[in-house]
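Read-outs throughout are calculated quantities, based only on the coordinates presented, and are distinct from any laboratory measurement. Fair warning: this is a prediction, and the values are worked out from it, not measured in the lab. Cβ atoms come from the backbone with ideal geometry, glycine included; neighbour counts cover every protein chain shown.
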Amino acid sequence: MSRRIALSVAAGVVVLGGAGAFALAHAGEQPPAPAGSTARYTAPHGDRDGSLTFVTDVTASSGVKDVKVLAWPGNSALAKKEPTAKDMAFVESAACKPAGEDTVHCTYTAKVTGPEAESSPRGVWRVAVLATAQDGTTILDTKAAGFTVE
């Protein structure tokens with residue numbers, strides 16, 4: 001192998017190694033990321049309450065500090081101007097349990113009484129989720145999941 005080719009190969013290895021190190025360092029700073037989000041709404045029936053259950057997995061390289069959940073009707077004022085992180089500051093948090101090195105499995109359940117269901121708007125609802133990592137970074141997904149109230 002000629003000297004010129006050997007130097008080119010060596011330079012390529014150095015460049016690729018540097019790019020790989022940068023990618024690994026950058027991967028260590030990823031914000032929280034919700035995944036696999038689902039919502040299930042069960043209407044009250046007779047004397048039994050209904051419920052809303054929202055489930056998601058959140059991964060954050062620094063760890064997950066908090067996951068807040070807000071269900072909102074698709075035909076409300078929030079549909080025109082979706083919820084913001086500021087709107088989400090005072091909503092309820094999901095219960096989260098470790099599900100891997102940097103991942104938590106979160107569940108939010110709310111009881112729905114007959115009077116609440118009767119006064120709730122019909123149609124499509126959205127579930128917004130605000131995930132906060134231990135390092136303070138956040139991600140807001142205003143349409144993490146959806147369900148229908150009939």
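Computed over the Cα atoms of segment 53-114, the ratio of the radius of gyration to the Kirkwood radius (Rg/Rh) comes to 1.03.
Listed by chain and number, the lysines whose alpha-carbon sits under 19 Å from that of K143, ignoring those within fewer than 8 places in the same chain, are K68, K80, K81, K86. Largest first and in whole Å, the equivalent-ellipsoid semi-axes of segment 46-150 read 26, 17, 10, each the square root of five times a Cα gyration tensor eigenvalue. Report note on the peptides 46-57, 122-133: ranked by the mean count of other C-beta atoms within 10 Å, highest first, their order is 122-133, 46-57. Shown for segment 96-150 is the translational diffusion coefficient from the Stokes-Einstein equation, using the Kirkwood radius over Cα pairs, a temperature of 20 °C and a viscosity of 1.002 mPa s: 156 µm²/s.
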